[in-house]
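Student: Once you've had a glance at the structure underneath, I'll fire off some questions.
The values are calculated or read from the model by the stated rules, or taken from the named source; none is laboratory data. Everything numeric in this text was worked out from a predicted model, so none of it was measured. Using ideal geometry, Cβ is built from the backbone for each residue, glycine included, and neighbour counts are taken over all protein chains shown. We work out accessible area using only protein heavy atoms, side chains counted, and drop any ligands, DNA or RNA first. Shrake-Rupley method; radii C 1.70, N 1.55, O 1.52, S 1.80 Å.
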Amino acid sequence: MTNDNFRNDRRRLLRGALLGVAAAPLATLSMRGSNAMAQDMPKLAEDNPQAIALNYVHDAADKDDMRTEGAICGNCRLYLGERDAEWGGCTAFPGKAVNINGWCSAWVATSS
Ligand code: SF4
């Protein structure tokens, strides 16, 4: 490797590192933006065909006969909302907000 090649490689490496540092705050803003958008999403209707297919209800108590005791959207691994918000996104229902106290048969326990 010649000195010129070494300098060019070092410049490329430094440029990449600087771009990475500059992009980090933008990524954080983008994630915050997606959380804000989740709160503005339309609420999932219980009579939505996909909601019916997965037995979704806004109040988990309505499905006590089907669900694991204590299982609600708020402790589901697929829930995307803030833990202190009443409504939030869900991986199973893209573009719709589900109630934090709701439930559906796709519920998966959080691993924490
Ligand atoms: S997948 Fe989880 S968060 Fe989504 S509706 Fe079902 S129980 Fe709620």
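Student: Could you check how many residues of segment 56-87 are farther than 9 Å from residue 107 by Cβ, assigned to a loop (DSSP other than H, G, I, E, B) and near the ligand (Cβ under 9 Å from one of its atoms)?
Tutor: Result for segment 56-87: 3.
Student: Go through (1) of a type outside the set (Asp, Glu); (2) within 13 Å of the ligand (Cβ to nearest atom); (3) modelled with pLDDT of 95 or more one by one and return the number of the condition residue 42 breaks.
Tutor: Tallying (1) of a type outside the set (Asp, Glu); (2) within 13 Å of the ligand (Cβ to nearest atom); (3) modelled with pLDDT of 95 or more, residue 42 fails exactly one: (2).
Student: Next question. Could you list, ordered by first residue, the pairs with Cβ atoms under 6 Å in which the first is in segment 83-98 and at negative phi and the second is assigned to a loop (DSSP other than H, G, I, E, B) and open to solvent by less than 20 Å² (accessible area, probe 1.4 Å), at least 6 apart or interchain?
Tutor: Listed by first residue and then by second, the contacts come to 88/81; 89/81; 93/44; 96/44; 98/44.
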